[in-house]
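Novice: Quick one: this structure, given as structure tokens, is what I'll be asking you about.
The values are calculated or read from the model by the stated rules, or taken from the named source; none is laboratory data. Everything quoted here is computed from the prediction, not taken from an experiment. Cβ sites come from the backbone with ideal geometry, for glycine too, and all protein chains shown count toward neighbours.
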Amino acid sequence: MTKQLHIDGLFASAEELWESVLAALRRLPDKRLQDECLQGSRAVRLEDGTLAVEVTNRYSPDFVEKRCRRAVEEILERLVGSTLPLCFRAGAEAPEEADTPPETRRPAPAPKPASSAGQRLNIKYRFDTFAVGQSNTLAWRAAMAVANAPASTYNPLLLCGGVGVGKTHLLQAIGHEIARLFPSQHVVYVTADAFTYEFVTALRERRTDAFRKRYRGADVLLVDDLQFLAGKESTEEEFFLTFTAVQEAGKQIVCCSDRCPREMPLLPDRLRSRLESGLIVEIGAPDFETRVQILRRKAEAEGLEIDEEVLLFVANLIESDVRALEGALIKLIACSSLTRRPLTCALAEETLVSYVGRKSSSSVTVETVLRATCDFYRVDAKAVKSKRRDKSVVLPRQVAMYLSRQITNAPLAEIGERFGGRDHSTVIAACNKIKGSLESDTELRAAIEEISRRLAG
């Protein structure tokens, strides 16, 4: 039985899917040895429905598989929504035989920062891969302004929004752009969880001086998931002092959070005040046009040519967030690969019903209306979406637009987009045409009643 899809992180490829697996693995209670076994591993590709993972550390693929397969498969099932075949193989640096780890091992030291960052920036999270729409334009512009002139404007900058709206993408895009434009700038990116872990480890190992030098010496400090600091008193204190030191040194600070400071009651007032002294930008859920753009870029990243009609269908069906949207497309691609069926709207509807739950009659989509109308008039949907002006397609087109406007919650622009990229004025004209004919045209009224009955049933 297919489980409800749940995604822990934003990913755009097999490599990012594997990064999400590793992130989830590190959150498990018994994570240490598994984490060590998978250090240096990477997802090579998703081929024939199987995720191939290269092991490049000192443990052999056989040992890693024995130790980690069960945990990894459970995580993959949560991410993809169904069982995903998995294989481990040796990378270029992997040993021929397994090293057997000692039964007792000291905890791994806190992760060392890369040359320019406390944690590695995802190369895919750049400005040129970010889908800009109505919901995130202001955030994108603010991020661009900071990246082009760090510490000269919008300092600090706080990006707020729900899960999967692109906060992390923009945050890391700032880091990439500053590193490109200002190579001498020391950019440090860290999540709140990692900051907490490193601080606690530094206290235990008496390395607080090195820890403070690392973060307070940053030219650009990028902090993700700030909300996870709330309520951790000692870490909050350390972060406040770090924040103050960086800001007073005239350096740039950018943070992300799933809510605004005023909505975090456990956040200390002095830290809240620091954050509110800068620019706070809220990012909403992506609109329809942005969702379509995201799916196009996702398909391009996967090297796939997916029919525009399918992308529009998925964008109309999934309205929650970017992660759910991309997760739905990943699920659809995987299903197509595993079943060797073409990527069509029919497959999308069949595959994603379990993903979003079966829709009620009050949640009929524009695509559903279009298909029902075309079935009634016995006309091809592609013809209705085309530029043809003969009566055999014009009337079904107008009826479908009218019913889409009456039954669905889709805005005019979205309806027009689904009908071959027409603008909202065309949709309005079609609706007015049908509305004006209903009183006198009994045949038309009967047709609309019958199509509506089919949609309701």
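Novice: For residues that are within 14 Å of residue 252 (Cα to Cα) and in a helix (DSSP H, G or I), scanning just segment 177-202, find the one that is nearest to the chain's Cα centre (by Cα).
Specialist: 177
Novice: Let me ask something else. Could you please let me know if residue 329 is in a helix (DSSP H, G or I) and modelled with pLDDT of 85 or more?
Specialist: Judged against the criteria, residue 329 is a match.
Residue-by-condition table, conditions (1) at pLDDT 90 or above; (2) among the aliphatic types (A, V, I, L, M); (3) within 29 Å of residue 130 (Cα to Cα):
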site	(1), (2), (3)
237	yes, no, no
249	yes, yes, no
263	no, no, yes
290	no, no, yes
299	no, yes, yes
308	no, no, yes
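Novice: Return the only residue of 174, 178 being over 17 Å from residue 257 (Cβ atoms) and β-branched (Val, Ile, Thr).
Specialist: Residue meeting the stated conditions: 178.
Novice: Moving to a separate point now. Suppose we filter segment 119-167 for residues that are of a type in the set (A, V, I, L, M), within 18 Å of residue 182 (Cα to Cα) and part of a loop (DSSP other than H, G, I, E, B); how many remain?
Specialist: Adding up the residues that qualify gives 4.
Novice: State the number of residues belonging to segment 294-321 that are more than 22 Å from residue 364 (Cβ to Cβ) and touching a Lys or Arg at 6+ places or on another chain (Cβ under 8 Å).
Specialist: Matching residues across segment 294-321 total 1.
Novice: Restricting to segment 407-436, name every residue that is touching a residue at least 40 places away in the same chain (Cβ under 8 Å), crowded, with 18+ Cβ neighbours inside 10 Å and either of a type in the set (A, V, I, L, M) or on the phi > 0 side of the Ramachandran plot (or both).
Specialist: Passing the criteria: 407, 410, 415.
Novice: Sticking with this one: Restricting to strands (runs of 3 or more DSSP E) lying wholly in segment 216-300: which have 2 or more residues that are assigned by TED's automatic domain parsing to the domain that holds residue 136, in contact (Cβ under 8 Å) with a residue 12 or more places away in the chain and surrounded by fewer than 17 Cβ atoms within 10 Å (Cβ to Cβ)?
Specialist: Of the strands (runs of 3 or more DSSP E) lying wholly inside segment 216-300, none has at least 2 residues that are assigned by TED's automatic domain parsing to the domain that holds residue 136, in contact (Cβ under 8 Å) with a residue 12 or more places away in the chain and surrounded by fewer than 17 Cβ atoms within 10 Å (Cβ to Cβ).
Novice: Further question on the same structure: Among 444, 370, 395, which is under 31 Å from the mean Cα position of the chain (by Cα), at pLDDT 90 or above and part of a helix (DSSP H, G or I)?
Specialist: Checking each option against the conditions leaves just 370.
Novice: Now for a different question. For segment 437-456, which residues satisfy the criterion of being free of Cβ contacts under 8 Å to residues at least 60 places away in the same chain, among the small types (Gly, Ala, Ser) and surrounded by 13 or more Cβ atoms within 10 Å (Cβ to Cβ)?
Specialist: If the condition is that a residue be free of Cβ contacts under 8 Å to residues at least 60 places away in the same chain, among the small types (Gly, Ala, Ser) and surrounded by 13 or more Cβ atoms within 10 Å (Cβ to Cβ), then 437, 452 are the ones that fit.
Novice: Also, quick follow-up: Residue 69 passes all but one of (1) surrounded by 14 or more Cβ atoms within 10 Å (Cβ to Cβ); (2) at pLDDT 75 or above; which number fails?
Specialist: Only one criterion is unmet by residue 69, namely (1).
Novice: Oh, and also: When you go through 119, 134 one by one, which is the residue that is at pLDDT 50 or above, more than 16 Å from residue 169 (Cβ to Cβ) and of a type outside the set (Gly, Ala, Ser)?
Specialist: 134
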